[in-house]
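Reading through the structure tokens given below for one structure.
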Amino acid sequence: MNSIILQDALPNVFAHRTDIQSDIWKTHAVFERDHLYLVEANSGTGKSSMCSYIIGYRHDYSGQILFDDEDTKHYGTSKWVKLRQHSLSHIFQELRLFPELTAYENVEIKNNLTKFKDKKQILEWFDALGIGDKINQKIGKMSFGQRQRVAMIRALVQPFDFLLADEPISHLDETNSRIMAEIMMTEAKAQGAGVIVTSIGKHMELPYEKVFRL
Amino acid sequence: MKLVWKLLRQHISIGQLVGFFFANLLGMLIVLLSVQFYQDVKPAFSQEDSFIKNDYLIVSKSISTLGGLTGSTSTFSDGEIGEIKGQTFCKGVGKFTATQYHVSGSFGLSNQPALSTDMFFESVPSEFIDVQAGNWHFDEQEGIVPIILPRSYLAIYNFGFAPSQSLPKITEDVAGMVEMNIAMRGNGQQQIVKGKVVGFSNRLNTILAPEEFIQWSNQKFAPEEDDSPTRLIVQVKNPADEKIMQYFSERGYEIAEDKLDAGKTMFFLRIVSGIVMAIGLLISVLSFYILMLSIYLLVQKNTQKLQNLLLIGYSPAKVSMPYQLLTIGMNAIVLIISLLLLYYVRNYYLDMLWSVFPEMDTSGLTPAILLGAALFAVVSIINIIAVRGKVMKIWKNKE
């Protein structure tokens, strides 16, 4: 997958609004592989909706979302499953980790799908992000900042063409967010993937090639 | 898969599953037991007389003292036969045809005559006789007549005649080997043929020979005689139908009473088995309902987890599988345990049945196994579809 295009797209909840001033909605927004984008938004402008549309979780929009010029509205279940396993990685704003599992198991359950990374690599990332001693701790007992780092690692244990990072560092200090950005970009570069970071204020310090205002 | 199971087994209610397990076990056992018991007991009633099926009645006219003196006929006219045929309960009518000439038979082993008597034969149309076609057949060239005797004759011989004459007792199997010479006289002719006992009947108190033999011999030895039947064999749709009794008693016909009993017993056995099975099925359906509610509740409680699994790339099929396997596993265990229980219960009642009907042969557990497997398959398929449906609802974000 080489490009994601939002063609005239608009969440249904905004359908009655006439004052939409956005670089994404009701325009022709293009995201390409191997590029780095920042989507800046105020709350309530549909940032999480955008992510949900792109990974096929929600379809309550008008207009089109195109993957390589294919309208995703016609994709079936198995196509979306395949995309989520091999092409689209998503760091959810609400993380969507499993509190009953340990930090490592949360990553493992994702890695089991494709066996993309080995245990050594995963443990290295845990160490680098300063949570190496927490691998056997249940997610439910970790702070939000720690969970954010686990969610980040989970997003990287799959092959992807695009990485959607929805407010990945909202609860992280500068040092950790810098390390996280480094790991993320190294991995994305290695895969030649496009990276879309969203933010409602504090954002990762990265050399963004294009900034969209939602 | 291990991790997925670790996640999805959260909120499983052991209490609900145990409840389902015992309810379903009870229902399954009752269903299987009713079918198996019916299959096992059926031969005990039908095998008593394998030559005449149970829905046949034997009808004759009452012989009254007055009628005997005035010489009023005890035979059935064609008109009367036609009328019986026209009744709603009637599926078919056959005539008893008797020999019209003099017959004497002598029995013995290896040409030593042991018993000689005047006798007669009767026949009914072959389609009313349930003997393999090859055995129930007379050929003038071969000169061997197959015969069905009343079982009571054997009893008379074994318990009355044989001990007093110091003769050996005869079993039914040996009776088939007994030689019988049949001497026929009439119309100025005489002929001897061999007879061979092919079976014994509880229900026909006559000596039965194939229709073709009777026709041939009557033609030869008594061509002039009238062969109007004195007895009829009537096939009915339901032997327990009260209209039958009504109809025949209104016309002064007699039905051999005991011959209705086996038919009635079978009929009631069928009804009782049916009711018991229906109760078993009802319990099964209710327990199945418990299982589905329990699984639905489980899916409901784990909606968030299922949704997250789907969002990180698990397919609906993979996410459904743990719950599908759980239900199939439960159903399979219930099936196996109920078959085991059935096996023991059956051994218990078979012992009792055997003591009452020693000659009964049984068909094994096949009917119960087949029915159990069919129920298991149907229930499992519904379970699989239902779980998948629930997960797809989550996929479509409708839960």
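The values are calculated or read from the model by the stated rules, or taken from the named source; none is laboratory data. The model shown is predicted, which means the values in this text are computed figures rather than measured ones. Positions of Cβ are backbone-derived with ideal geometry, glycine not excepted, and every protein chain shown enters the neighbour counts.
Taken together, B:Val145, B:Val178, B:Val131 contain a single residue that is over 27 Å from the mean Cα position of the chain (by Cα) and at pLDDT below 80, which is B:Val178. Within the set of pairs 6+ apart or on separate chains, which have a first residue in segment B:327-352 that is touching a residue at least 60 places away in the same chain (Cβ under 8 Å), a second that is exposed (fewer than 13 other Cβ atoms within 10 Å of the Cβ), and C-beta atoms under 9 Å apart? Note: pairs meeting the criteria are B:Leu335/B:Ala373.
Here is a yes/no grid of residues against (1) in a strand (DSSP E or B); (2) polar (S, T, N, Q):
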| site | (1), (2) |
| --- | --- |
| A:Ile4 | yes, no |
| A:Asp23 | no, no |
| A:Phe31 | yes, no |
| A:Ser48 | no, yes |
| A:Cys51 | no, no |
| A:Gly56 | no, no |
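Just one residue in the set A:Leu88, A:Leu95, A:Leu129 is modelled with pLDDT of 95 or more and surrounded by 14 or more Cβ atoms within 10 Å (Cβ to Cβ); that residue is A:Leu88. Confirm whether A:Phe98 is over 16 Å from the mean Cα position of the chain (by Cα) and facing another protein chain (nearest Cβ under 9 Å). Considered against the rule, which asks whether it is over 16 Å from the mean Cα position of the chain (by Cα) and facing another protein chain (nearest Cβ under 9 Å), A:Phe98 comes out as yes. Take the residues of segment B:2-16 that are over 48 Å from the mean Cα position of the chain (by Cα) and free of Cβ contacts under 8 Å to residues at least 12 places away in the same chain: which is nearest to the other protein chains (Cβ to nearest Cβ)? Filtering first and then ranking leaves B:Leu3.
Per-residue answers, yes or no, for (1) more than 14 Å from chain A (Cβ to nearest Cβ); (2) surrounded by fewer than 20 Cβ atoms within 10 Å (Cβ to Cβ):
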| residue | (1), (2) |
| --- | --- |
| B:Tyr289 | yes, yes |
| B:Leu298 | yes, no |
| B:Gln304 | no, yes |
| B:Gln307 | no, yes |
| B:Val319 | no, no |
| B:Asn331 | yes, no |
| B:Leu370 | yes, yes |
| B:Ile385 | yes, yes |
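Within segment A:61-87, the residues that satisfy the criterion of being more than 9 Å from every other protein chain (Cβ to nearest Cβ) and touching a residue at least 24 places away in the same chain (Cβ under 8 Å) are A:Tyr61, A:Ser62, A:Gly63, A:Gln64, A:Ile65, A:Leu66, A:Phe67, A:Asp68, A:Asp69, A:Ser87.
Just one of the listed residues (A:Ile153, A:Ile169, A:Ile109, A:Ile183) is more than 14 Å from chain B (Cβ to nearest Cβ), of a type in the set (A, V, I, L, M) and outside any loop (DSSP other than H, G, I, E, B), and it is A:Ile183. Total residues in segment B:262-279 satisfying the condition of being in contact with a helix residue (DSSP H, G or I) (Cβ under 9 Å, 6 or more places away or on another chain), modelled with pLDDT under 80 and either closer than 30 Å to B:Asn24 by Cβ or not polar (S, T, N, Q) (or both): the figure is 3. Of the candidates B:Glu212, B:Glu225, the single residue that is more than 14 Å from chain A (Cβ to nearest Cβ) and touching a Phe, Trp or Tyr at 6+ places or on another chain (Cβ under 7 Å) is B:Glu212. When A:Thr27, A:Thr18, A:Thr45 are checked against the criterion of being modelled with pLDDT under 95, within 17 Å of A:Leu66 (Cα to Cα) and hydroxyl-bearing (Ser, Thr, Tyr), A:Thr27 stands alone in meeting it. Taking segment B:209-234 as the range and being of a type outside the set (Val, Ile, Thr) and not in a loop (DSSP other than H, G, I, E, B) as the test, the residues that pass are B:Glu211, B:Glu212, B:Phe213, B:Gln215, B:Trp216, B:Ser217, B:Asn218, B:Gln219, B:Lys220, B:Phe221, B:Arg231, B:Leu232.
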